[in-house]
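Engineer: One structure, pasted below without further comment.
The values are calculated or read from the model by the stated rules, or taken from the named source; none is laboratory data. These numbers were taken from a predicted model, which means no experiment stands behind them. Glycine gets a Cβ as well: all are built from the backbone with ideal geometry, and neighbour counts include every protein chain shown.
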């Protein structure tokens, strides 16, 4: 048996998903019992003699209501929806290991007076089991049966299969372990047939016996039952909540409407003065309800009483002043306002005095102007704060750096309309200054407070770098939270794009001589930064993507992201920044950044130049590892070289460049050459 807790939960779910029930579903005839076990018993239902209409009798057994003359427990009686919610048994067929069958079709009979119909709108037929067809059969048809036809007027059902318990899924009822089907209207007393659906049923039954020795069929209220795999072994005594539709059907008439009832007063049960008659939707007959503006029991004389609509704004909307009237209500706007309060909030009437109108307009205009002035003052103050915090007073005295305003950068970049590139640190935009010179404007996404404080010193350091192979800093904008930098523009893009193709994967032709020039001049630029500049600067993120090319393929080393962190005599950092495909393993492990770290990264760039392969290519192949494996074998190394530059007379030269790269990539920092030595060795 299902536990009391499970039954209570099922009742809550069923009532929650059921049709709405009116608050007036509790009027019994005077002197009659109004409730049983917490269930309201409204007329035409009743308990005891003269308390109900014929066919609507309810028996109260202790604290449990039942349909009179049956064992079907009543859970809810509703006048508003003309429905009865009760519990009905399930049908089942079971087999033992030998194939012996036992079954129950769970026949139900609750309709001797023709009052009830199974609700087709609020119930479904469920079939649970494996190798089973189940169907509901209703309304005996003696004429067809005697003629050798079907025994019932109505049949409907579905088929369920499963070959294992695991194939049935919790919450799924689509033919595997469970199926369900809508039912037709006008069903009353019925039974459910549960049959095997396989000619070799005994063999199948023995195969599925362990997990589905029984099959089940039952009616149940919509949304109140969810299939679970455990239901393949359901309690055969289980009951299910089912909704019945009821109507006034004199003598169980098969065709009866409101117009028929009104012709004979003894048949007409809408007794209240303010009531309406509605033809039944499920079967013949009619139901009664209170007219709009009234509530209560339409089957009792004087049972429909006036509703105070003002107490139920969610049902009777009023956005103004509500006043109840008999059978209706008034809803008007407050004095000094107008509109349709039944649909929307009332709007205040505008003053008619022209003088007052002018005063209001002037007052509003003054407030708007004041707000604009306050916003402008606040904006200018904020720009000044940014300018000061970002080192504006210090940078104003540097001659070769132009300080751009925020508005000037908006004009130069045409509101940042042309994006040159995006990365983890920010975005780069195309711009054109007054002298028609193209520039690149770099806007960082975010910078920590420590970096903001060092920004002015970093700009000063970069302004002192003077080398034709280092991207030149032209200016900066300080009127923003994160300062923006303006650099000279390199029209050919990065070496990475030229070697490996940009977004369209188009690779430019790059002769060996040009590649050597790029390598030599890039090495000289890094050597300059390490030893020839006024202050030692470590790059920290050397890669082909940070070597830009002008229109003549002259290299320009750019993006001193890590150099800013370590520009003032620092040797260690806890924040390791750089491309993992190029980064020095020593720097990665220890946080120690040395000029030899740049040498290591430059060694990777040299391999890219002579092989035209990415550091990670063809899936997950490592250029460094594969080159080291091939190094020393001319045939193997030759396979890695770019075919465009691998002429016979240049093989020896490419081998020498490869050996320089190998020297740069040595694990021990002390064994690596300096950038100055690399530049000299490349002068082949």
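Engineer: What is the one condition in (1) surrounded by 11 or more Cβ atoms within 10 Å (Cβ to Cβ); (2) in contact (Cβ under 8 Å) with a residue 24 or more places away in the chain that residue 414 does not satisfy?
Structural biologist: The one condition residue 414 does not meet is (2).
Engineer: Regarding residue 546, is this residue surrounded by 18 or more Cβ atoms within 10 Å (Cβ to Cβ), at pLDDT below 95, in contact with a helix residue (DSSP H, G or I) (Cβ under 9 Å, 6 or more places away or on another chain) and farther than 16 Å from residue 673 by Cα?
Structural biologist: So residue 546 fits the description; yes.
Quick grid of which residues meet (1) under 19 Å from residue 527 (Cβ atoms); (2) free of Cβ contacts under 8 Å to residues at least 24 places away in the same chain; (3) in a strand (DSSP E or B); (4) assigned by TED's automatic domain parsing to the domain that holds residue 654:
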residue: 589; (1), (2), (3), (4): no, yes, no, yes
residue: 598; (1), (2), (3), (4): yes, no, no, yes
residue: 602; (1), (2), (3), (4): yes, no, no, yes
residue: 624; (1), (2), (3), (4): no, no, no, yes
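Engineer: Please state which of the following conditions residue 530 fails to meet, knowing it meets all the rest: (1) modelled with pLDDT of 90 or more; (2) assigned to a helix (DSSP H, G or I).
Structural biologist: Condition not satisfied by residue 530: (1).
Engineer: Still on this structure, I have one more. Among the candidates 313, 317, 284, 341, single out the residue that is assigned to a loop (DSSP other than H, G, I, E, B), crowded, with 19+ Cβ neighbours inside 10 Å, within 45 Å of the chain's Cα centre (by Cα) and not assigned by TED's automatic domain parsing to the domain that holds residue 106.
Structural biologist: Of the residues listed, the single one that is assigned to a loop (DSSP other than H, G, I, E, B), crowded, with 19+ Cβ neighbours inside 10 Å, within 45 Å of the chain's Cα centre (by Cα) and not assigned by TED's automatic domain parsing to the domain that holds residue 106 is 341.
Engineer: Name the residue, out of 329, 294, 316, 299, that is over 30 Å from residue 119 (Cβ atoms), in contact with a strand residue (DSSP E or B) (Cβ under 8 Å, 6 or more places away or on another chain) and touching a residue at least 12 places away in the same chain (Cβ under 8 Å).
Structural biologist: 329
Engineer: Return the total of residues in region 589-621 being within 26 Å of residue 513 (Cα to Cα), in contact with a strand residue (DSSP E or B) (Cβ under 8 Å, 6 or more places away or on another chain) and surrounded by fewer than 18 Cβ atoms within 10 Å (Cβ to Cβ).
Structural biologist: Total meeting the criteria: 1.
Engineer: Also, quick follow-up: Run residue 466 past the list (1) outside any strand (DSSP E or B); (2) in contact (Cβ under 8 Å) with a residue 60 or more places away in the chain; (3) more than 30 Å from residue 613 (Cα to Cα); (4) not assigned by TED's automatic domain parsing to the domain that holds residue 557 and report the number of the one that doesn't hold.
Structural biologist: (2)
Engineer: Name the single residue, out of those in region 482-519 being touching a helix residue (DSSP H, G or I) at 6+ places or on another chain (Cβ under 6 Å) and closer than 28 Å to residue 400 by Cα, that is surrounded by the fewest Cβ atoms within 10 Å (Cβ to Cβ).
Structural biologist: Here the residue is 494.
Rundown of residues vs (1) within 30 Å of residue 70 (Cβ to Cβ); (2) crowded, with 16+ Cβ neighbours inside 10 Å, yes/no style:
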position: 170; (1), (2): no, no
position: 177; (1), (2): no, yes
position: 187; (1), (2): yes, yes
position: 194; (1), (2): yes, yes
position: 208; (1), (2): no, yes
position: 223; (1), (2): yes, no
position: 226; (1), (2): yes, no
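Engineer: What are the residues in region 639-651 that are more than 19 Å from residue 499 (Cβ to Cβ) and either at pLDDT 90 or above or surrounded by 12 or more Cβ atoms within 10 Å (Cβ to Cβ) (or both), if any?
Structural biologist: Passing the criteria: only 651.
Engineer: Still on this structure, I have one more. At least 1 residues that are under 33 Å from the mean Cα position of the chain (by Cα) and at pLDDT 90 or above in each: list the strands (runs of 3 or more DSSP E) lying fully within region 124-193 that qualify.
Structural biologist: In region 124-193, the matching strands (runs of 3 or more DSSP E) lie at 178-181.
Engineer: So residue 457 ticks every box in (1) in a loop (DSSP other than H, G, I, E, B); (2) surrounded by fewer than 16 Cβ atoms within 10 Å (Cβ to Cβ); (3) at pLDDT below 90 but one. Which box is left unticked?
Structural biologist: (1)
Engineer: Please work out if residue 404 is within 13 Å of residue 475 (Cα to Cα) and touching a strand residue (DSSP E or B) at 6+ places or on another chain (Cβ under 9 Å).
Structural biologist: Considered against the rule, which asks whether it is within 13 Å of residue 475 (Cα to Cα) and touching a strand residue (DSSP E or B) at 6+ places or on another chain (Cβ under 9 Å), residue 404 comes out as yes.
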